[in-house]
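J.: Mind having a look at this structure? Questions to follow.
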Amino acid sequence: MLAIRQVIDIKNRNIAFTLPKSFNFKKAEVIVFPFDNTTDSPHVKRNIKSLLSVSVWGKNDISNLRLAQKRFKRWKLKEF
C-alpha cells in the first residue's frame, strides 16, 4: 500500500500538491484532516504535566519530546 502524508497550506479553501513520479495510478482516495500545529494545546499541556508528575523528566527531555513530535509530523510513509 502506498501512502503519502503531507502538511499543506490551504488557500481559498483549495489545496494542491504534486504526486511523486512513482505514483502511477488513475485514482486516489484523499482524506483531509485539520492540522493543529499548536504544541501547547490544553491536551499537550495535560500530557506533559502527567509525564512530569510520575517521572524525572526535565526541561531538556520535554524539548526533545517536542522535537520528536515535529519530526514525526513531517514523516512521510511511502509504503507499509
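Each reported figure results from applying straightforward, stated rules to the coordinates on display, with no laboratory input. Because the structure is a prediction, the values reported are computed rather than measured. Every residue, glycine as well, gets a Cβ built from its backbone with ideal geometry; the counts of neighbours run over all protein chains shown.
J.: Leaving out same-chain residues fewer than 8 places away, which lysines sit with a Cα under 19 Å from that of residue 11?
T.: none
J.: Testing the spin-label approximation: label points 7 Å from Cα along Cα→Cβ at residue 30 and residue 10. State their distance in nm.
T.: 1.3 nm
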